[in-house]
Every structure is written in structure tokens, then in C-alpha cells.
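Notes for the one structure printed next.
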Amino acid sequence: MSGKRLLAVGVELLGALFIVALVAGQILGQPVLLGYVETGSMAPTMEPGDGFVAVPSQLAGPPEEGDVIVFRAERLHGGGLTTHRVVDVTERGYITRGDANPFTDQDGKEPPVKRPQVVAEALQVGGHVVVIPQLGTGVETVRGAFSAAQRRVAMLFGTRSLLGTQGLAYLLLGASIVAYVVETFRRDGRTERTRDRSRADGYDTRLVVGALALVVVASATASMVVPAGPQKFGVVSAERDAPGHGVIAQGGSEEATYRVPNGGLVPVVVFLEPGSEGVEVTPRETRVGRRSTVNASVTLSAPPETGYYRRFVVEHRYLAVLPRSVLGALYRTHPWAPIAVIDLLLGGGFYLVGRAVVGTGRIRVRSRDRPTSMLTRLRRSFR
């Protein structure tokens, strides 16, 4: 392969990675490889619309003073993702501030940031954030296009289940299946001469099937990641207990119900773990059938000091396509390990089956040969 061709392939791969990261970020509701800022609170480090390389919190480790983190705020900007710098680490959480802001977030109404709220960390080299200028403009364009497409399709089918992040995963999976079927039926019994002539045209079937396999992987990952993550419980440590949930006598505890729903068609295995001090959960592991719900029990403890405290339970869920014991062993290795293996199993299986059905060679964009009827293609596909 020539240097020019190698460079072209590299640019194509980077472009594909860029698009996959943007789409995955929209599905998961958090930055994947790439993030960006919408306001000027991080100026001059990052101007509005600038992007950065986002390292997932599970890989970055605990944040330290000086790190720029992406966290799920409770009150800033009405809640949602916020990108600010850690200026102090305390027992109650991280103190954060935008580089352009004169006061910390906690000087306002935002409580200290707990570890389960942190979803990513901006990559820094030599103490400086790696900035991608105006990345946010492209992200917003992609987001607008996907949102418009979702609304049109939802109106066409008359259902709201195609809206939101889960709906986007359904649409991507449906698009991959349709494209897979269409490309399968486009194959016909061309002569050897036609096949020889077509080798220089069209798309390599490996790229087509590989792209569809990536869509399957993205959809499967979304179904495992989107409903999971940290879940918050508010606790008020008071001088005496009060009726209802959340108000607990100083140093006491109470039980709360934690619902684990599964609205999908594939059973899931769910692992629950305490995400902060003052919380216990049982069972730690459960299986939830398709379109069903399982209840877990959470014990919330109040500290001796009065005040409002936040407690977190972290949920990890995985498609039950592997034995429960295998998923448990992978989870204990790392919470991302089951997702990686499941994605490899589904994506690799889809790719191998697709290559077996579609075959090798190239898929032509257009042909001068007389088109073959759909009925003929159906008959040939079942030979």
C-alpha cells in the first residue's frame, strides 16, 4: 500500500472514529472519547464550542486537584453535564470551579461533587488540556439531524418509544438490519466478466458489514449503559425520625426499595454496589427478565450530625447472552469487562455471519447490467 493510500485510509478511519464517538455520546448521554463545552465558564482554557478528549472516569481513576472533570451536576444549569476544574478535594466531595468564574460551584447552590457523579476527565498533556477548536459546532449539527430524524420517524409510526436515547438505539439497530437485508438481496449471479470489472468499483463488503456490526455494538452498549449508572437517594439527618422516606434520626437508618426495571426484550443481569458511605444494598446481584421488574432493598444510614446528605447506589447491567457465572467473573475483574466481551461476541458474530451471507468482493453502487428482479434475488438467496 502506497504512502498516499495509507494516509487516505488513516483519514477515513479518524473520520469514522469521530462519527462513532459523536453518535455513541448522544446514545449514552455522556462524552465518549470526545466532549465539548457550551459556555464560556472554562475560558481561556476552552472557549464556547471547543472540544476535548474525554477519558472515562473508570479509566482515569479518582480526580485530583487541578483535573478538569465532566460531572452530572444537580443544580448548575438546571442539572446535567458540567465541565469544570477540581480546585479542592474534601471528605464530602470535590470542590469545582470554572476557570473563568470568580467563585466555586459550591459557593453557589451546587453541593460537593461525589465520585459517582464524575463521568469523564479531560485529557491533559504537560498540565494543559488537549483542546479541539469548535468541535461543539459539529456535535450540535449531528445532534440536530438525529433529533429531527427521530421526530419524523416517531410521527410516522405513531409511537414515542423512538424518541430519546433509547429510541436512537432502536433506530440505529433498525437501520443496520434494513441495510443488511438490502445489501444481501442486491447480490446476484453476475458473470465472471462482470465481477472482474466491478472489483475496482463500489464498496468493500468487509467495510459495509463491519460498519453494520459497529451499529449493532453501539445499540447493545446503549441498552446496557443508558439505564445504569449512579442512582441518588437524599437523606436528612434530623433530631428525631419522621414519617415517610428520607428523614432519619441522627445515627439511625431506614430501608428503601430500589426498583430494577428491564423494558427490553433480552433478560439482563444487574449488579448493585454502594456508591458512597452510609448505604448498603441487597441483593448485590440479580437477574431481570424481559419486560419485568425486580425490587432490591437499600439501607440508608444518617450520620450523627444533622443536615442533608446524598447517598448513591451504582448499577451495572449486562445483556444475559453469557452465563451468569461468566458475567460475574468478568464484572469482578472490571465493570467494563462484561460489556467488552458482549460487544465482541455480538459484533464479531454479526460480522462473521454477514461475511458468510454477503460474501467477498465489492458492492457496486450502480451497474450497467440489466437489473435483476427482487423475486429472482429471493430465489437465489435460498439456493
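Going by amide H atoms built from the backbone, whose H comes under 5 Å of the H on V87, apart from near neighbours?
Here G66, I95, T96, R97 satisfy the definition.
Amide H neighbours of V70 under 5 Å, at least 5 residues apart or on other chains, H built in the peptide plane: list them.
Residues meeting the criterion, in which the H sits 1.01 Å from N, are V119, A120, E121, A122.
Just need the relative contact order of the range 205-344 here, percent rounded to a whole number, with Cα pairs under 8 Å and 6+ apart. If you can, show how the numbers build up before the last one.
Values: 272 pairs, mean separation 40.7, N = 140.
It rounds to 29 percent for the range 205-344.
Convert each backbone phi in the range 271-277 into a coupling constant with the Karplus relation 6.51 cos²θ - 1.76 cosθ + 1.60 (shift: θ = phi - 60°), then list the ³J(HN,Hα) values in order as whole Hz, x for Gly and Pro.
10, 10, 8, x, x, 7, 6
Shape call for the range 40-99 from the C-alpha gyration tensor, a ≥ b ≥ c root eigenvalues: rounded (a/c under 1.5), prolate (a/b greater than b/c) or oblate?
rounded
Which far-off residues, 5 or more places away or on another chain, put their amide H under 5 Å from the one on A249, with H placed in the peptide plane?
A238, D241, A242
Pull out the extension gain between T137 and V87, defined as 0.36 nm times the separation in residues minus the alpha carbon to alpha carbon distance; nm, one decimal.
15.1 nm
Quick one: 3J(HN,Hα) in Hz for the range 306-318, Karplus 6.51/-1.76/1.60 with θ = phi - 60°, rounded, Gly and Pro as x.
Using θ = phi - 60°, the values come out as 6, x, 9, 10, 10, 10, 10, 10, 9, 10, 10, 10, 9 Hz.
Find how much the distance from H334 to R290 grows on full extension, using 0.36 nm per residue of separation minus their present alpha carbon separation; answer in nm with one decimal.
Roughly 13.3 nm would be gained on extension.
Which residue, A100, F71, H84, has the largest displacement toward the positive end of the dipole of the range 48-111 when charges sit on each Cβ (Lys, Arg +1; Asp, Glu -1)?
F71
Please give the contour-minus-distance gain from L156 to D241: 0.36 nm per residue of separation, less the Cα-Cα distance, rounded to one decimal in nm.
25.4 nm
Each value in this text was obtained by applying a stated rule to the coordinates, not by laboratory testing. Nothing here was measured: the structure is a model prediction, and the numbers come from that model. All Cβ positions, glycine included, derive from the backbone under ideal geometry; neighbour counts span all protein chains shown.
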